[in-house]
Amino acid sequence: MDNKKKSLLKIEGITKTFGKVVANDDISLELYEGEVLALLGENGAGKSTLMNIIYGIYRPDAGRIEIRGKETKIASPRYALNKGIGMVHQHFMLVGRCNAIENICLISKTSPFSLVNQKRIAASLEEIKARYGIDVDIHCPVEQLSISMQQKVEILKLLYTGADILILDEPTAVLLPQECEALFSIIRNMTKEGKGVIFISHKLDEIIEISDRVDVLAHGKMCGHLITKEADKNAIVKMMSGDNVPDMSGYVKQKPQDEVVFSCRGIEAYDDRKAKTLDGVDLEVYKGEIIGIAGVEGNGQNELAEVLAGVRKVIAGSISIKGKSLRPNRPADFIKNGVGYIPAERNGVGTVPDFMLYENWLLRKAHFPTKNGMIDTKQVVHQSIGAISEYDVRTTGPLERSANLSGGNLQKFILSRELKKKPEVLICSYPTRGLDVKAACFVRNQITKAKQEGTSTILFSGDMEELFTISDRIVVLNRGKVVGERVPEQTTQEEIILMMMGEKA
Amino acid sequence: MITKKGLQRIGILLLAVLTAMLAGAVIILLSGANPLTAYYSMLVKPMTSLGNIGGVFIHFIPLLLIGIGVSFTFHAKLNNLGGQGQMLMGALGMTLIGIPPIGEALGAFSLPVGFLVAMIFGAFWAAIAGFMKTRFGASEIVVTLMLNYIAVQAINYILFYHLRTDGEIRSPRIVKMLPKLFEGTRITWGVVIALVLVVVYAIVMAKTKFGFNLRTVGGSIKAAKYSGINTKLYYFLSMAISGAFCGIAGAAQISGNTRRLTESTAGDYGFSGIVVAMLGSLHPVGLVIASFLMALLTSGSSMMQTDTGIPESFTQVLQALIVLFILMGMAISDGKVKRRKGGKEK
């Protein structure tokens with residue numbers, strides 16, 4: 001490391017826990033002026049938490065932060081900004097109706113009503129644009145700009161405030177390849193001016209191209225500092241996955257039968273921002289198998305799960321179950337034909353938070369228990385009590401409000417509701433996310449148990465161990481396409497991670 | 001089954017009414033009257049004679065019916081501010097069927113037919129807002145509110161050019177009126193109709209798939225979609241049904257009270273009905289209690305005016321205060337819930 005360079009930001013021993021979950025465990029890093037430090041790690045490795053601490057959104061439980069050699073406590077984003085720390089979030093913080101100048105007025109300390117100030121801001125923005133080579137229309141309302149242009153407005157905003165510690169949270173996730181080049185040239189211009197950049201990404205190629213150093217985070221721990229020029233890809237991937245071997249004992253794997261029960265062809269779909277995130281996905285699911293879907297967040301898994309469960313529109317493609325074609329975006333059709341769905345969001349999608357448990361028992365049911373044409377409430381309560389005890393849902397009873405249940409217990413309840421219908425196919429979206437070890441284990445066991453009874457499962461998960469432990473096949477998604485599939489026993493986590501990053505097919 | 005949340009809700013409502021009356025007492029004091037006398041003539045006096053009680057029930061019927069109607073939209077987390085317009089349309093339906101010559105031709109059948117047509121008219125008027133909401137995403141609050149103005153002027157037009165009688169801007173009398181429940185009072189069978197419809201409402205909401213799905217749509221639109229519910233259809237239906245009940249209120253008003261259609265047939269019931277739905281907390285029994293209380297306030301206000309000189313419009317102040325305090329109470333209790341939840345998620 002170059003000793004002549006001044007340290008901009010130094011953090012030592014940062015620890016942050018949420019409940020029982022340790023998001024950051026004794027993390028240290030240092031950023032020098034004029035360099036790009038890449039921060040690499042899987043989903044849930046603790047990158048966002050760390051950045052939110054640096055930006056003053058969270059307070060660390062332990063550890064110290066130094067800015068330009070002086071120890072400080074960062075109490076709020078406003079304070080961070082004053083200290084020269086700026087962050088471009090994945091979701092932009094811009095007012096759509098306003099143009100760049102007005103958006104920047106909002107954060108500047110002067111009155112936003114003054115015309116003179118707007119002109120002055122416009123002038124200094126033009127100067128910044130020229131200095132860093134940022135090409136964007138500052139007079140156009142932000143909502144009419146493309147996403148890459150909006151990102152440039154965000155960067156302009158930070159440069160205007162004079163920030164010299166810039167955090168870019170997955171800036172390339174929303175960009176097309178040619179747009180990345182423009183961003184990189186802006187970043188290079190910034191480092192030439194002596195600014196330090198923390199660049200968060202999953203994408204190895206980019207990191208190797210733009211960064212000077214790489215820090216690797218895994219499971220909340222800092223597990224490697226590398227100098228980019230000296231590192232090779234395989235070494236980095238090894239660091240990311242850690243070297244734990246998944247424990248496969250206790251799960252019965254059984255050969256799936258040769259009958260295709262569920263399939264989709266050429267699925268194309270938009271995400272909520274109207275960006276095309278699924279670009280021709282084909283999938284065949286055999287009877288009684290568990291397919292694991294792996295992918296870096298934002299590569300289309302959420303959308304695929306919703307499409308397969310019938311709750312998202314498609315642009316093109318077809319879905320069929322047992323040879324019968326299903327009409328996309330008609331959830332009732334999917335329910336009737338035996339598609340179960342465990343959504344990623346338990347409160348608000350999987351259940352109505354204000355409903356009592358027995359009322360939520362009726363969600364996603366093709367037929368309600370009835371007596372004389374009316375809902376048989378007694379029967380519903382009875383069924384839900386049965387599920388609560390069989391699936392060990394810890395609650396005061398069927399009259400409890402769903403919102404009062406913990407994540408694990410609510411998940412068990414939803415799982416029991418879907419599995420009791422003996423679905424042909426079960427779509428599981430991040431079923432163990434945020435659950436403690438015991439609850440997660442229970443959920444996995446139930447999924448494998450259902451498999452023995454002939455239910456096929458499509459398991460979307462960000463947890464490598466989970467994918468390796470219970471799936472029969474792992475299918476990898478990258479940029480909305482299936483890039484390959486592997487049998488867990490014949491591959492390694494490193495290989496899957498490389499595929500997820502689009503390095504290998 | 002009264003849950004903890006239910007008890008809390010009842011507490012908030014009672015507190016809201018109480019605080020509103022205390023605040024109202026201050027206003028009465030400031031205008032130089034004795035709050036106790038004022039509240040006595042407002043709340044107790046209307047119940048002291050059979051004739052006075054009849055007056056309370058005159059208001060009770062439309063308030064309850066509109067309260068039920070508004071509740072249907074509240075369950076889906078929609079708002080219906082168009083009770084007035086829908087009630088006028090219903091009243092128009094009843095009038096068209098009830099006046100000669102159709103009324104004479106139909107005889108006693110003019111009542112059921114009139115109610116049916118009123119229901120359809122009211123439902124149609126609200127369905128316009130439902131259509132605008134589901135097809136174009138137009139705010140149902142604005143649309144229902146604006147439809148009120150159109151309804152009032154449409155009624156004026158019809159009265160002026162087509163139904164004018166004796167040189168006055170009002171319709172002819174309808175032929176057949178609802179029979180009295182008790183002879184010698186003003187209490188009609190309209191009370192029975194309204195109470196039966198409360199029971200229907202209770203059954204639909206608690207015991208049918210339709211009611212359950214409607215509550216799911218209101219509880220979480222994403223969960224409704226997840227559950228396979230056609231959310232747009234339910235939005236549309238909840239508006240239309242809401243309008244149907246307001247239409248029935250119009251028919252009951254014509255056939256049980258005013259006998260003829262005028263511009264002011266619907267009075268302030270459209271908005272008071274919203275207060276009923278809120279104060280009754282969408283609960284069938286709650287709706288009955290709330291509409292009785294509102295009816296009491298409305299009919300007592302004129303007695304208060306004669307006794308103490310406080311103008312009748314004070315009831316509206318009191319109603320508005322009740323709504324404000326309910327909303328404040330809900331916000332405070334929901335706020336607590338949210339804060340707790342936020343803590344858990346982190």
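The values are calculated or read from the model by the stated rules, or taken from the named source; none is laboratory data. The structure displayed is predicted, hence computed values, not measured ones. Methodologically, a virtual Cβ is constructed for each residue, glycine included, from the backbone with ideal geometry; neighbour enumeration extends over all protein chains shown. All accessible areas refer to the heavy atoms of the entire protein, side chains included, with ligands and DNA or RNA removed. Shrake-Rupley method; radii C 1.70, N 1.55, O 1.52, S 1.80 Å.
Brief remarks follow.
- Along region B:307-317 the Karplus relation, 6.51 cos²θ - 1.76 cosθ + 1.60 evaluated at θ = phi - 60°, assigns HN-Hα couplings of 6, 10, x, 6, x, 3, 5, 4, 4, 5, 4 Hz to successive residues, with x for each Gly and Pro.
- Of the residues A:85, A:332, A:226, the one whose Cα sits farthest towards the positive end of the charge dipole of chain A is A:332 (charges of +1 on Lys and Arg Cβ, -1 on Asp and Glu Cβ, taken about the Cα centre).
- Size of electric dipole in region A:37-85: Cβ of Lys, Arg +1 and of Asp, Glu -1, about Cα centre, debye, nearest 20: 260 debye
- With a simple spin-label model that places each label point 7 Å from the Cα along the Cα-to-Cβ direction, the separation between residue A:17 and residue B:289 comes to 4.7 nm.
- Protein accessible area in region A:252-340, 1.4 Å probe - carbon and sulfur %: 45 percent
- Apolar share of the accessible surface for region A:7-241: 53 percent from carbon plus sulfur atoms, 1.4 Å probe.
- Taken per residue, the accessible surface of region A:340-420 reaches 38 Å², heavy atoms only and a 1.4 Å probe.
- Summing charges over all other residues whose Cβ lies under 13 Å from the Cβ of residue B:301, with Lys and Arg as +1 and Asp and Glu as -1, gives -2.
- Here the protein assembly as shown is assigned +1 on the Cβ of each Lys and Arg and -1 on the Cβ of each Asp and Glu. Its dipole about the Cα centre then comes out at about 2080 debye.
- Calculated FRET value between residue B:181 and residue B:48, using beta carbons and R₀ = 22 Å, to 0.05: 0.65
- Overall shape: oblate for region B:1-110, with the ratio a/c of the largest to smallest alpha carbon gyration tensor axis at 1.5 or above and b/c at least equal to a/b.
- A Cβ-based charge dipole, computed about the Cα centre of region A:7-241 with Lys and Arg at +1 and Asp and Glu at -1, lands at about 760 debye.
- Positive minus negative residues near residue A:142 (Lys, Arg vs Asp, Glu; Cβ under 9 Å): -1
- Nonpolar atom fraction for region B:4-336, defined as the carbon and sulfur part of the 1.4 Å probe accessible area, stands at 71 percent.
- Summary of packing: across the peptides B:164-176, A:416-428, A:368-380, the per-residue average of other C-beta atoms within 10 Å ranks them, highest first, as A:416-428, B:164-176, A:368-380.
- In the A-B interface, the accessible area buried, summed over both sides, Å² (probe 1.4 Å): 2400 Å²
- Estimated inter-spin distance, residue A:107 and residue B:131, nm [label 7 Å along Cα→Cβ]: 4.8 nm
- Peptides B:316-329, A:399-412 ordered by average Cβ neighbours within 10 Å, highest first: A:399-412, B:316-329
- Legend: mean number of C-beta atoms from other chains within 10 angstrom of residue C-beta atoms, peptide A:349-358, equals 5.
- Distance (nanometres) between label positions extended 7 Å along Cα→Cβ at residue B:302 and residue B:150: 3.4 nm
- The figure for residue A:314 is an accessible area of roughly 40 square angstrom, using a 1.4 Å probe on the protein chains alone.
- Karplus (6.51, -1.76, 1.60) ³J(HN,Hα), θ = phi - 60°, over region A:348-354, in Hz, Gly and Pro reported as x: x, 10, x, 9, 8, x, 7
- Once the 1.4 Å probe is applied to the protein heavy atoms, region B:4-336 comes out at 43 Å² accessible per residue.
- Placed amide H near residue A:484: partners under 5 Å, 5+ positions off or other chain: A:476
- Loop-located trypsin sites (Lys or Arg not before Pro) in region A:14-53 whose Cβ has at most 13 other Cβ within 10 Å (DSSP): A:20
- Coarse-grained scattering of chain A at q = 0.06, 0.08, 0.11 Å⁻¹, given as base-10 log I(q)/I(0) from a Debye sum over alpha-carbon atoms: -0.33, -0.58, -1.03
- Estimated 222 nm signal from helices in chain A, with DSSP H stretches of n ≥ 4 weighted -39500 (n - 2.57), rounded to 500: -9500 deg cm²/dmol
- Karplus-derived HN-Hα couplings along region B:3-18 (A = 6.51, B = -1.76, C = 1.60, θ = phi - 60°), whole Hz, x at Gly and Pro: 8, 4, 5, x, 4, 4, 4, 4, x, 4, 5, 4, 4, 4, 4, 5
- Other-chain or far-sequence residues with amide H under 5 Å of residue A:316's (modelled H): A:268
- Alpha-carbon Debye profile of chain B, log10 I(q)/I(0) at 0.09, 0.12, 0.14 Å⁻¹: -0.51, -0.90, -1.18
- Computed helical MRE - 222 nm, chain B, DSSP H runs ≥ 4 contributing -39500 (n - 2.57), nearest 500: -24500 deg cm²/dmol
- Extension gain, residue B:334 to residue B:7, is 116.3 nm, computed as 0.36 nm per intervening residue step minus the present C-alpha separation.
- Peptide ranges A:55-61, B:143-149 listed from the most packed, as the mean C-beta count within 10 angstrom indicates: B:143-149, A:55-61
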